[in-house]
Amino acid sequence: MTKYPKMTMGDLYDTNVVYTSRPSYVSNPWLETNEHQSNFLTGRELLISNLPVIVHEASVTHRLETLFQLIGRTIPKNVYTFKNQETYENLLKRLAYEENRHIYFQYVHGEDIVTGDKYAMDKDIFTKLNNKSKIPEWTNGKYLPRRQVVPIEAFNEVIEEWDLPVVIKPGDELPTAGGYGVMICYTSEDLEAAKKRIARAKHQTDTLIIEECIDAVENYCVQYALHPDHGIVYIGSAKQLTNAYGFYNGNINAIDVPDKVIEAGRELMQIGVDHGFIGIAGFDLLVDAKGDVYAIDLNYRQNGSTSMLLLAPLLKGKYHKFYSYFADGDNERFFKTIVEYVEKGVLYPLSYYDGDWYQDEQVNSRFAGIWHADHEEDIALLEHEFEVKAGLLKD
């Protein structure tokens, strides 16, 4: 019997909606704006989209076609492609103003590109829901670690009143991703480094959040969708893999999620929906040794592990891991190794950013996929073997 995703994005939105997951080209001090990484992100949801998607040309080359053929899939026909900032922004304007489409943005763009009335959901609501300083509003004051929102110019004075370790975040609507916008300070050296980074961002950020550092035993991203027929649907949870400083290292599917975590997430989703949110959202919830739940980030948008959760019926084994890899100077070796593991049936491809699309510069290819196996230890062994064969790691 053919297996299908749990649902697709096309099930959730009107037929005139076009999706873009690319961050704006405009500089943001709290989001790593590497152009190739931002272009790479545009292909991540192709297999769960089922609606028109804006994708960089390097993310839909013959190499992605080869990978999809190996799993019995094809590149969707309803993609709009771009090459650079000019073609990307012109495409958005054409879709919005000439074709009268609405855009579902993963990240807010400037009004000079597309005005708020062309957003698939209310831009003002979307912006507020993703503003980290407003988390108490969207949690009804629950699930919160001790926190303080301070004007950026007062930060150096106020931080002296806090004991380490602390977590520092931008307190506005500027997006962050992969932990890049989060500063965890364990030592005075960490804090001094954070102060220097904050000083560089002072012209683009008004407020900062100082937060208690929770000693977590579990770190979940619980995800929900607002379905037009079924209401709020729980689509699954992933455990977030991060280093000690909060930088993202992928996700594994969460097998046994406490009911209190799922219900906390559902409550947060309901609050967002009550204020006008549509689509898919994921909430970063920590659980400490006492079993208390803390909401440290509310992502009223797609998450990196969303595809892994929606594609679960197509994956083998009990354990799944979403991760991204970058070639290390040898794109051909990188691609051939990916093909080998996809053919083995242990690696499910999501996206491939083809560095060889660029004719005049050396660009490392990038790949996102899902490992799937019967045991968590199997995935660890496969990953190590893959990284050695791809030239990413010395044995």
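Scanning region 259-299 for residues that are touching a residue at least 40 places away in the same chain (Cβ under 8 Å) and more than 28 Å from Lys123 (Cα to Cα), we see that the one that is surrounded by the fewest Cβ atoms within 10 Å (Cβ to Cβ) is Ala289.
With respect to the conditions (1) open to solvent by less than 30 Å² (accessible area, probe 1.4 Å); (2) in contact with a helix residue (DSSP H, G or I) (Cβ under 6 Å, 6 or more places away or on another chain), Ile379 falls short on a single one, namely (2). Among the residues here, Lys321 qualifies as within 30 Å of Thr139 (Cα to Cα), charged (D, E, K, R), touching a Phe, Trp or Tyr at 6+ places or on another chain (Cβ under 6 Å) and open to solvent by 20 Å² or more (accessible area, probe 1.4 Å).
With respect to the conditions (1) within 25 Å of the chain's Cα centre (by Cα); (2) more than 17 Å from Val388 (Cα to Cα); (3) not small (Gly, Ala, Ser), Glu343 falls short on a single one, namely (1). Would it be correct to say that Leu95 is buried (at least 20 other Cβ atoms within 10 Å of the Cβ) and more than 23 Å from the chain's Cα centre (by Cα)? So Leu95 fits the description; yes. Quick one: would you say Ser59 is more than 16 Å from the chain's Cα centre (by Cα), hydroxyl-bearing (Ser, Thr, Tyr), open to solvent by less than 20 Å² (accessible area, probe 1.4 Å) and within 16 Å of Ser351 (Cα to Cα)? So Ser59 passes the test.
Listed here are the residues, each with its yes/no results for (1) within 27 Å of Phe40 (Cβ to Cβ); (2) in contact with a Pro (Cβ under 9 Å, 6 or more places away or on another chain); (3) of a type in the set (Ser, Thr, Tyr).
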{"site": "Ile235", "(1), (2), (3)": "yes, no, no"}
{"site": "Leu241", "(1), (2), (3)": "yes, no, no"}
{"site": "Gly250", "(1), (2), (3)": "yes, no, no"}
{"site": "Met269", "(1), (2), (3)": "no, no, no"}
{"site": "Ile280", "(1), (2), (3)": "yes, no, no"}
{"site": "Lys290", "(1), (2), (3)": "no, no, no"}
{"site": "Ser307", "(1), (2), (3)": "yes, yes, yes"}
{"site": "Tyr323", "(1), (2), (3)": "yes, no, yes"}
{"site": "Asp328", "(1), (2), (3)": "yes, no, no"}
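Going through region 63-88 one residue at a time, which ones are touching a residue at least 60 places away in the same chain (Cβ under 8 Å) and in contact with an Asp or Glu (Cβ under 9 Å, 6 or more places away or on another chain)? Those that are touching a residue at least 60 places away in the same chain (Cβ under 8 Å) and in contact with an Asp or Glu (Cβ under 9 Å, 6 or more places away or on another chain): Arg63, Leu64, Leu70, Gln85.
Per this entry, Lys123 is counted among residues that are within 29 Å of Ile210 (Cβ to Cβ), modelled with pLDDT of 95 or more, touching a helix residue (DSSP H, G or I) at 6+ places or on another chain (Cβ under 8 Å) and of a type outside the set (S, T, N, Q).
If you scan region 130-140, which residues turn out to be assigned to a helix (DSSP H, G or I) and either open to solvent by 40 Å² or more (accessible area, probe 1.4 Å) or basic (Lys, Arg) (or both)? Lys132, Lys134, Pro136, Glu137 - these are the residues of region 130-140 that are assigned to a helix (DSSP H, G or I) and either open to solvent by 40 Å² or more (accessible area, probe 1.4 Å) or basic (Lys, Arg) (or both). Note on region 79-129: residues that are in a helix (DSSP H, G or I) and of a type in the set (A, V, I, L, M, F, W, C) total 7. Scanning region 103-122 for residues that are open to solvent by 10 Å² or more (accessible area, probe 1.4 Å) and in contact with a strand residue (DSSP E or B) (Cβ under 8 Å, 6 or more places away or on another chain) turns up Lys118, Tyr119, Ala120, Met121. Within region 143-171, the set of residues being open to solvent by 20 Å² or more (accessible area, probe 1.4 Å) and of a type in the set (D, E, K, R) comprises Arg146, Arg147, Glu153, Glu157, Glu160, Glu161, Asp163.
The values are calculated or read from the model by the stated rules, or taken from the named source; none is laboratory data. Note that the structure is a prediction, hence the values are computed from the model and not measured. Cβ coordinates were reconstructed from backbone atoms using ideal geometry, including for glycine residues, and neighbour counts include every protein chain displayed. Keep in mind that these areas ignore ligands, DNA and RNA; they rest on the heavy atoms of the full protein, side chains included. Shrake-Rupley method; radii C 1.70, N 1.55, O 1.52, S 1.80 Å.
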